[in-house]
Amino acid sequence: MLQATYQFSRPLIPVSQSSLIDLYIQFKPNTSSEPHQRRPLNLSIVIDRSGSMIGQPLKQAINAARLLVEQLTTEDILSIVVYDDQVDTIFEPQLVKNKDIIYTILSKIKAGGCTNLSGGWLRGCEHVQTHQVSNKINRVLLLTDGQANVGITDSKVLISTAQQKAQNDHVSTTTLGFGAHFNEDLLMGMAKQGNGNFYFIQNPEDLVSVFQIELESISSLIAQDLVATLIPHETVKIEQVLNSYRYKDQGAQGLEIVLGDVYEVEDKILAISVNIPASSQIGTQIVLQLHYRYQAVVDEVIKQFTQQETIVIPVDTQAVFDSTPMQQNVIEQTHRLRIAKAKEDAVNLADQGEYQTASEHLQAMIHFLLNNTTEETFELSEEMEQLNFFAKQLKNKSYDSTLRKELKDQSYQSSNRVRGDLSLRGISSSDAIYDLPVVTSSEQGVVLQCFRESGKLRMKVISEGYHPHFNVQFPRHIREDRATYLVDSVELSSNGTFYRIKGDIRLLVAPGQENIYQQRKTNQQVSRSQKPPKASKAPATAADLETTDEVGNGVLIQCIQEGSKLRARVVSDGYNPDYNIRFPRSIRELGILYVVDEVIENPKGGSYIACGKIKRFIQ
């Protein structure tokens, strides 16, 4: 059973005055409920094996799948689907009895062609649906690093199908996107409409921890399909829903809001802004009626529950109101939701080329936070650093696919989840680090180091005499993973939980490495100003090609059979797989993957040209 608890941003309102305040509602297990027992799982893991997954992404995907299998029991059903152009079920849906067989199957996955995302996902849905049992959690985990470029590619169709699968077939979908080339709008849409979760994975090494988060979540599922209906009392008005949940205004029947699944390890929250008319008497005022319904398993049977709560707020004198502090927890949570909305708005503006306006929008949010915050916390300070970083990047028109994904992901996670390990993820950096002065001695300051933690760039003090586990508020735009800095000094925050830097910031390097950052900047400038690349030349046969087991910054090419001809095509993400490519015929062989330095579009359009050195890729 669930219980709903609530708080307002102000614990009371003044008599004879209207009030615009925030209402924060939490849904969590009833304290008197029986201890949670993990429900059996009916899962299909759907893994992208397209060419762009070659190397670390595919290795980490396999490692993450293996970790998940390790934690399954003989009551769980599992299927494994892999896809490129073709879709293959490499482990048919069945109870998990012999894990060694599954490990062996996973180890044999090899990367190949393009991305038939729809085919792989629909096959996974089919496996889950055909083995569906009411007391099991029925979910597809879809992993991809690319665009859907084979099969069904229309995002609207895929998102609406995910909603249909969740509502009609009771099969939910969680999506996991790797790198910089996947379609985040598609994957977020599928997860949101499909009653699952979305995860952005910038570095393949983070995939295992993300899989762990997802498994922890679905293993602690206590309620499904939570829907709340808010019916304002008399002239009370709901001004805004601060979350990004789907909702429908039903007039006199209230506002219906779809909150989705509830996990024991994570509160489900709903926040709204309400306008309460003036009350003429001291006492208690009714604000609204809360009705909520959900499904939960009782004695291995899914049952529907309906509950309700009358939400009220105390009314007192102006003097009492003025002397009563605000509810800091509510303020922090509603700030987080407003920041999420600002980031989403900034993306929409930047997508239209309105970079300056998008930057100003984020700066306005920083000013709002500074003027409406009574207590400093590291989380709020970090939010402002993130906003400042994004605002600077947008102002400089440094708006690429990675920055867009970071903004979208931070907005999504803050609006839909309450997990610190998912908030504010992002490891991109800017060129501003190259402008910092460089020193080789740490004698005149405090040494800090940047490191990657749960998909975030964090700062810690490594000089002696400081708390080694405290975070440091530090400008986001000059953070770089594994970089070391020297600052004049650091001071404790007012609440004594994190450090702030004081004075100048320098890069700290080993003696003899003083020019390393300037050299990197020069190399970057040279690469941007290089002459147009030349078409590739090749030896007599593919056997004469140099081999490699890394794609690096190269582009992956594959030969496929089309009638009596061998056609070369690009399988790296960001390219049209239907375009022909000018590629030496002497080295074309069916089944071989090639890595070229660069691929450019033919000046006439409609085809590509392979440029630079060609190597044969070995898996």
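So, residue 97, is that one open to solvent by 10 Å² or more (accessible area, probe 1.4 Å), closer than 22 Å to residue 51 by Cα, basic (Lys, Arg) and not in a helix (DSSP H, G or I) or not? Explain how you work it out, then say what you get.
Values: open to solvent by 10 Å² or more (accessible area, probe 1.4 Å): yes; closer than 22 Å to residue 51 by Cα: no; basic (Lys, Arg): yes; not in a helix (DSSP H, G or I): yes.
No, not satisfied.
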Scan segment 254-265 and tell me whether some residue there is within 25 Å of residue 410 (Cβ to Cβ), assigned to a strand (DSSP E or B), more than 25 Å from the chain's Cα centre (by Cα) and charged (D, E, K, R). no
Does residue 213 satisfy being open to solvent by 30 Å² or more (accessible area, probe 1.4 Å) and in contact with a Leu (Cβ under 9 Å, 6 or more places away or on another chain)? no
For segment 594-614, which residues satisfy the criterion of being open to solvent by 60 Å² or more (accessible area, probe 1.4 Å) and either hydroxyl-bearing (Ser, Thr, Tyr) or not in a loop (DSSP other than H, G, I, E, B) (or both)? 597, 598, 601, 613
Return the residues of segment 295-315 that are within 16 Å of residue 170 (Cα to Cα) and either among the small types (Gly, Ala, Ser) or at pLDDT 95 or above (or both); say none if nothing qualifies. 296
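Being of a type outside the set (Gly, Ala, Ser), surrounded by fewer than 20 Cβ atoms within 10 Å (Cβ to Cβ) and under 17 Å from residue 239 (Cα atoms) narrows it down to one residue among 307, 289; which is it? Break it down into steps so the answer makes sense when it comes.
Values: 307 fails: under 17 Å from residue 239 (Cα atoms).
From the options 307, 289, the qualifying one is 289.
Name the residues in segment 444-464 that are out of contact with any strand residue (DSSP E or B) (no Cβ under 9 Å at 6 or more places or on another chain) and outside any strand (DSSP E or B), would you? It would help to see each step written out before you state the result.
Step one: of segment 444-464, the residues out of contact with any strand residue (DSSP E or B) (no Cβ under 9 Å at 6 or more places or on another chain) are 453-454, 464.
Result: 454, 464.
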Sort out which residues of segment 318-336 are of a type in the set (D, E, K, R) and either surrounded by 11 or more Cβ atoms within 10 Å (Cβ to Cβ) or touching a Lys or Arg at 6+ places or on another chain (Cβ under 9 Å) (or both), and write them in order of number. 332, 336
Members of segment 541-551 found to be under 19 Å from residue 609 (Cα atoms) and either modelled with pLDDT under 85 or in contact with a Pro (Cβ under 9 Å, 6 or more places away or on another chain) (or both), listed by number: 545, 551
Exactly one condition in (1) open to solvent by less than 10 Å² (accessible area, probe 1.4 Å); (2) touching a helix residue (DSSP H, G or I) at 6+ places or on another chain (Cβ under 7 Å) is not met by residue 71; state its number. (1)
Members of segment 100-127 that are open to solvent by less than 60 Å² (accessible area, probe 1.4 Å), in a helix (DSSP H, G or I) and out of contact with any Gly (no Cβ under 9 Å at 6 or more places or on another chain): 102, 103, 105, 106, 121, 124, 125, 127
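From the set of residues in segment 458-501 that are basic (Lys, Arg) and over 19 Å from residue 432 (Cα atoms), which is most open to solvent (accessible area, probe 1.4 Å)? Quick ask: steps written out before the conclusion?
Filtering segment 458-501 for residues basic (Lys, Arg) gives 458, 460, 476, 479, 482, 500.
Now narrow it down to the ones that are over 19 Å from residue 432 (Cα atoms): 460, 500.
Values: 460: 32, 500: 61 Å².
Within segment 458-501, the match that is most open to solvent (accessible area, probe 1.4 Å) is 500.
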Conditions (1) open to solvent by less than 60 Å² (accessible area, probe 1.4 Å); (2) under 30 Å from residue 420 (Cβ atoms): number failed by residue 312: (2)
Please determine whether any residue of segment 263-273 is touching a Lys or Arg at 6+ places or on another chain (Cβ under 7 Å), crowded, with 16+ Cβ neighbours inside 10 Å and within 21 Å of residue 194 (Cβ to Cβ). yes
Is there any pair linking a residue in segment 419-431 that is within 16 Å of residue 404 (Cβ to Cβ) to one that is in a loop (DSSP other than H, G, I, E, B), with Cβ under 6 Å and at least six apart or on different chains, and which? 425/455; 427/202; 429/480
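Quick test for you: out of 573, 578, pick the one residue that is touching an Asp or Glu at 6+ places or on another chain (Cβ under 8 Å), part of a loop (DSSP other than H, G, I, E, B) and within 21 Å of residue 181 (Cβ to Cβ).
Working: 578 fails: touching an Asp or Glu at 6+ places or on another chain (Cβ under 8 Å).
On inspection, the qualifying residue turns out to be 573.
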Exactly one of these conditions fails for residue 181: (1) open to solvent by less than 50 Å² (accessible area, probe 1.4 Å); (2) in a loop (DSSP other than H, G, I, E, B); (3) of a type outside the set (A, V, I, L, M, F, W, C). Give me its number. (1)
Of the residues in segment 429-447, those that are open to solvent by 50 Å² or more (accessible area, probe 1.4 Å) and either polar (S, T, N, Q) or on the phi > 0 side of the Ramachandran plot (or both) come to 429, 440, 441, 442, 444
Hey, can you tell me all the residues within segment 385-428 that are open to solvent by 10 Å² or more (accessible area, probe 1.4 Å), assigned to a helix (DSSP H, G or I) and aromatic (Phe, Trp, Tyr)? 412
All but one of (1) within 15 Å of the chain's Cα centre (by Cα); (2) within 19 Å of residue 369 (Cβ to Cβ); (3) of a type in the set (Gly, Ala, Ser) hold for residue 455; which doesn't? (2)
Select, from 588, 567, the only residue that is without any contact (Cβ under 8 Å) to a residue 40 or more places away in the chain, out of contact with any Ser or Thr (no Cβ under 8 Å at 6 or more places or on another chain), under 18 Å from residue 615 (Cα atoms) and open to solvent by 20 Å² or more (accessible area, probe 1.4 Å). 567
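Mind checking which strands (runs of 3 or more DSSP E) fall wholly inside segment 2-65 and carry at least 1 residues that are open to solvent by 20 Å² or more (accessible area, probe 1.4 Å)?
Values: elements: 2-8, 19-29, 41-48.
The qualifying strands (runs of 3 or more DSSP E) are 2-8, 19-29.
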Name the residue that is surrounded by the most Cβ atoms within 10 Å (Cβ to Cβ), counting only residues in segment 448-457 that are in contact (Cβ under 8 Å) with a residue 40 or more places away in the chain and at negative phi. 448
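The values are calculated or read from the model by the stated rules, or taken from the named source; none is laboratory data. Computed from a predicted structure; not experimentally measured. Reconstructed Cβ throughout: ideal geometry from the backbone, glycine too, with neighbour counts over all protein chains shown. What goes into the accessible areas is simple: the full protein's heavy atoms, side chains included, and nothing from ligands, DNA or RNA. Shrake-Rupley method; radii C 1.70, N 1.55, O 1.52, S 1.80 Å.
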